[in-house]
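The values are calculated or read from the model by the stated rules, or taken from the named source; none is laboratory data. In this text, all values refer to a predicted model and were calculated from it rather than measured experimentally. No Cβ is skipped: glycine too gets one built from the backbone with ideal geometry, and neighbour counts run over all protein chains shown. Accessible surface is based on the protein model in full, side chains and every heavy atom, while ligands, DNA and RNA are left aside. Shrake-Rupley method; radii C 1.70, N 1.55, O 1.52, S 1.80 Å.
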Amino acid sequence: MLTPLGAGALLAGVTLAGALVDAFGNHGPGLVLGICLVAGSLLAVALVHARHVRLVLPMPPLAYAVAAAFAGLVGDSGGTGGTVGLATSASRWLSSGFVAMATATLLVAAVAVVRATTTRAR
């Protein structure tokens, strides 16, 4: 079983791996990052100790925000001229991952509820 810090590190590592693939292949955050976010979130909530599953709930959007910024800065060279261009690009990178963030968060919540109810039943 993982500690909450270990679960966060696992989620961040898997998500950043997806960001690297997208950054060097697709010119910014994309599908691989979203899939890695969902997979890493499910791994993290499945492997964390049962009494700490609630701590994994806020992690997917935070991990995506960092990974999307990294993938965008490395892979998306267009439109990042100046402060306004960078802010516009960053908002586009974050909004493009809304479905992935929502899916990962909902799945983490569902697994957390299942694990919490089955742990109490024992």
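One residue alone among Arg115, Arg51 is touching a residue at least 12 places away in the same chain (Cβ under 8 Å), out of contact with any helix residue (DSSP H, G or I) (no Cβ under 7 Å at 6 or more places or on another chain) and among the basic types (Lys, Arg), and that residue is Arg51.
Which residue, of Leu16, Leu5, Leu42, is within 19 Å of Ser95 (Cα to Cα) and assigned to a helix (DSSP H, G or I)? Step through it out loud before you land on a result.
Details: Leu5 fails: within 19 Å of Ser95 (Cα to Cα); Leu42 fails: within 19 Å of Ser95 (Cα to Cα).
Just a single option satisfies the conditions, and that option is Leu16.
Within the range 13-25, does at least one residue satisfy the condition of being farther than 19 Å from Asp76 by Cα and free of Cβ contacts under 8 Å to residues at least 60 places away in the same chain?
Kept after step one, since they are farther than 19 Å from Asp76 by Cα, are these residues of the range 13-25: 13-14.
Subsequent filtering for residues that are free of Cβ contacts under 8 Å to residues at least 60 places away in the same chain retains 13-14.
Looking for residues that are farther than 19 Å from Asp76 by Cα and free of Cβ contacts under 8 Å to residues at least 60 places away in the same chain, one finds at least one in the range 13-25, hence yes.
Restricting attention to the range 34-78 and to residues that are open to solvent by 50 Å² or more (accessible area, probe 1.4 Å) and more than 18 Å from the chain's Cα centre (by Cα), the residue that is farthest from Leu20 (Cα to Cα) turns out to be Arg51.
Among the conditions (1) touching a Gly at 6+ places or on another chain (Cβ under 7 Å); (2) open to solvent by 10 Å² or more (accessible area, probe 1.4 Å); (3) among the small types (Gly, Ala, Ser); (4) modelled with pLDDT of 90 or more, Ala102 misses just one, which is (1). For Phe24, the criteria (1) assigned to a loop (DSSP other than H, G, I, E, B); (2) surrounded by fewer than 18 Cβ atoms within 10 Å (Cβ to Cβ) hold in every case but one, which is (1). In the set Ser91, Ser41, Ser96, only one residue is hydroxyl-bearing (Ser, Thr, Tyr) and without any contact (Cβ under 8 Å) to a residue 24 or more places away in the chain; that residue is Ser91.
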